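Before any comments, here is the structure.
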Amino acid sequence: MKQKILLLLTALPTICLTSCGERHYSPADYVLEMDYVTDFRVLQITDCHLGDKDDLQRHFDFMDLTINEADPDLIAVTGDLFTYASKTTAKKFLDYVDGHKVPWTVTFGNHDEQCFFSIDWLTNELNNYGSYCLFKDIQDDDVHGNCNFAINLMKDGKVFEQLIFMDSNRYYFGSYFGYDYFKQNQIDWYSALIDETTKNNDGLVVPSLMFYHIPLPEVNDAWAAVKEGTATNVNGGQQGEDPCNPKYNSHFFDVIKEKGSTKGMYFGHDHVNNYIVNYQGIDFGYGVKATDRVYYQDSILGGRVITIKEDHTMSYQDYIHTYEEVK
Ligand SMILES: [Fe+2]
């Protein structure tokens, strides 16, 4: 009898996984590819916050200043694309980005669900967009969130650098209300991805960069280390506000350090912070806000190019513009 109960209990997780519709996929299923070119330029734009009440053309004209000047190989939008946007507005923005005829991708922010559509609708739009869009979310998988995938930059038939995009999720409604955090199954997914990429590269770890929206709790330690003189403020950027990051620390940073692949982590969320701190060997970088929607600082609007060099080091250039230029 006891054995029968044990068998039943053992079978329960499998039954639940099946009934919940969550399937496990291999790391290779989450990977897209594009060619690496020397001094590969990723333009990070962030926190556009476009909504139905906005003069979209005014913002598109403004973002054009940065995108055209930056001449990127890939555009990465790191969340909060929308606030109170309809499907029509969302589609106009996706078409606007795609119109630059440059590969582009997206991670989601906490406000991308504060719209007249669901995050699943937006995910589906991006999954099926085609054209220059490089986005992949597996919607029936066992990994939390809606944009966990990688773009492998290929050179001579091998993965030269891996760009990892993750969903830092939105809000936590448990024992407290606050910003959500990376779940354990996302951390496990990251580990499996790095392990698989390493295995396929003759056991050598491939350098990677990460893009997401809400900064890890450790960004506080990084800025404190700058103040103490034990970490470097790489770009001389400012902390214009205290980071609004998750209260709960799921210790993702410890895993990232242990794996030894990720050299830079780029995010948005806090609109008037734009520093990049090299902390414990990893660059923590706030992006440059892309529009004057919600709150902002006139002197730090535009975008940032992260250049990935042949020796795998990164350099940074901020492109700053003002709305005076598009009046
Ligand atoms: Fe934002």
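Every read-out reported here was derived from the displayed coordinates using simple, explicitly stated rules and does not represent laboratory data. Source: prediction; values computed, not measured. For neighbour counting, all protein chains shown are included, and Cβ atoms are generated from backbone atoms with ideal geometry for every residue, glycine included.
Charged neighbours of R41, selected by a Cβ distance under 12 Å, balance to -2 (K, R count +1; D, E count -1). Nearest 5 is fine: what % of DSSP beta bridges in the chain come out antiparallel, could you say? Restricted to the chain, the bridges split so that about 50 percent are antiparallel. So if we plug the beta-carbon distance of K227 and V272 into 1/(1 + (r/R0)^6) with R0 = 22 Å, what FRET efficiency do we get, rounded to 0.05? So the FRET efficiency works out to roughly 0.80. Since only G51, S86, F117 are under comparison, the one whose Cα sits farthest along the positive direction of the charge dipole of the chain, derived from C-beta charges on Lys, Arg, Asp and Glu, is F117.
Go ahead and collect, in residue order, the members of the range 32-66 whose backbone nitrogen is under 15 Å from a label point 7 Å along the Cα-Cβ direction of K92. Correct set: 49-63. Does anything in the range 94-135 have its amide N under 20 Å from the 7 Å Cα→Cβ label point of Y295, and if so which residues? Only 109-114 fall inside the zone, counting backbone N under 20 Å. Farthest towards the positive end of the charge dipole of the range 112-231, among the residues F165, G229, L193, is the Cα of G229, using unit charges on the Cβ of Lys, Arg, Asp and Glu.
Legend: calculated FRET efficiency, Q317 to Y25, from the Cβ-Cβ distance at R0 = 22 Å, rounded to 0.05, equals 0.05.
Each Lys and Arg adds +1 at its Cβ and each Asp and Glu adds -1 at its Cβ; summed about the Cα centre, the chain shows a dipole of about 760 debye.
The mean sequence separation of alpha-carbon pairs under 8 Å and at least six residues apart, normalised by the residue count of the range 27-326, gives a relative contact order of 22 percent. When shorter helices are ignored and each DSSP H run of at least 4 residues is given -39500 (n - 2.57), the per-residue value for the chain at 222 nm works out to -8500 deg cm²/dmol.
Extending 7 Å from the Cα toward the beta-carbon at both Y171 and L204 defines two label points whose distance is 4.8 nm.
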